[in-house]
1. Quick one: order 153, 85 by neighbouring beta-carbon count within 10 Å, fewest to most.
2. Just want the ordering: 104, 164, 238, from fewest to most Cβ atoms lying within 10 Å of their own Cβ.
3. Between residue 207 and residue 113, with labels modelled 7 Å along Cα→Cβ, what's the label distance in nm to one decimal, could you check?
4. Just to be sure I understand the model, the point goes 7 Å from the Cα along the line to the Cβ. What's the resulting residue 320 to residue 274 distance in nm?
5. What value, in deg cm²/dmol to 500, does the helix sum -39500 (n - 2.57) over DSSP H runs of n ≥ 4 give at 222 nm once divided by the residues of the chain?
6. In nm, what is the difference between 0.36 nm times the number of residues separating residue 38 and residue 85 and their Cα-Cα distance?
7. Taking the Cα atoms only, what angle lies between the long axis of helix 141-153 and the longest principal axis of the chain, rounded to 10 degrees?
8. Show me the three semi-axes of the equivalent ellipsoid for the stretch 268-351, from the C-alpha gyration tensor (sqrt of 5 times each eigenvalue), largest first, rounded to whole Å.
Ligand code: SF4
């Protein structure tokens with residue numbers, strides 16, 4: 001049974017004054033009308049007709065699009081009033097929205113609170129000033145920190161979105177962004193490797209050889225290391241990578257997409273493999289033999305790998321790659337993959 005469902009209401013931001021190098025919203029929203037309150041109601045009703053009665057304990061209406069609070073206050077109020085009416089009738093349990101750090105102010109937050117918004121997500125993308133400037137985000141890391149503090153002081157849950165592989169970015173800068181995000185104590189995080197879309201400044205830079213996109217391997221490695229930093233700090237990682245179907249527009253507008261299919265599972269599978277192997281090697285060292293299993297060594301001859309049932313496919317690995325990895329690297333080890341309901345999420349255990 002699914003416990004949580006999201007009703008996404010995409011708000012194209014027609015009047016965005018910014019010019020982020022990766023964004024194709026301007027090209028797209030020229031052809032997309034805004035969402036009226038009546039349309040928002042229609043979207044919510046359509047989703048509820050498929051969600052209600054399925055035992056889902058929490059349904060959340062989410063205004064996505066990146067800049068909700070950049071809309072005129074009356075327009076925000078009209079859309080929020082619709083979601084709020086569903087909240088009051090308990091047909092949904094919460095409201096979330098995403099916006100930019102520099103579109104946060106006290107009057108904006110007061111209005112959001114009045115309409116019962118629970119979570120405010122910020123498109124932060126990076127805490128590195130060079131990356132922010134090269135990406136033409138139009139805000140500084142300091143503005144992010146101030147906005148986060150204001151959101152939390154109003155009692156909202158805070159979400160932070162980070163991008164990976166922007167211009168001037170690096171593995172280490174991404175990890176530092178994850179560390180700085182942790183210091184702000186967000187509740188949720190999303191990690192998005194950068195996609196090159198047609199019609200963007202990034203596409204132009206890429207065509208001129210001035211921007212090098214992430215390879216799939218780099219995207220997995222950096223996302224995995226950021227994931228670890230956030231997860232170790234107790235941040236709920238609600239999204240890892242975008243699917244082509246998540247993007248507004250057509251498939252042929254995607255020029256470079258560094259995330260292979262099943263990206264989240266690949267990232268989580270890498271974490272599982274690293275954690276399991278580290279424990280296995282530790283056990284071997286404790287038994288007096290570091291490294292591989294060898295005939296006559298004290299390396300365990302059998303082991304059980306366990307995790308929560310929800311993480312089983314990550315533990316086995318996408319396409320059973322972890323199963324194959326361990327079978328090839330430790331051919332004398334008899335391995336069993338098991339589930340254990342008592343283990344916390346993304347916790348992988350080796351027992352012998
Ligand atoms: S990504 Fe940047 S340019 Fe695009 S809508 Fe958001 S703030 Fe505006």
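1. Result, fewest neighbours first: 153, 85.
2. With the sparsest Cβ surroundings first, the list reads 238, 104, 164.
3. With each label placed 7 Å out from Cα toward Cβ, I get 4.8 nm.
4. Inter-label distance under the simple model: 2.6 nm.
5. One gets -12000 deg cm²/dmol as the mean residue ellipticity at 222 nm.
6. Between residue 38 and residue 85, full extension yields an extra 15.7 nm.
7. Compared with the principal axis, the helix lies near 80 degrees.
8. Listed largest to smallest, the semi-axes of the stretch 268-351 are 22, 13, 10 Å.
Throughout, read-outs are computed from the coordinates displayed, never taken from laboratory work. Note that the coordinates shown come from a computational prediction; the quantities given were computed from them, not determined experimentally. No Cβ is skipped: glycine too gets one built from the backbone with ideal geometry, and neighbour counts run over all protein chains shown.
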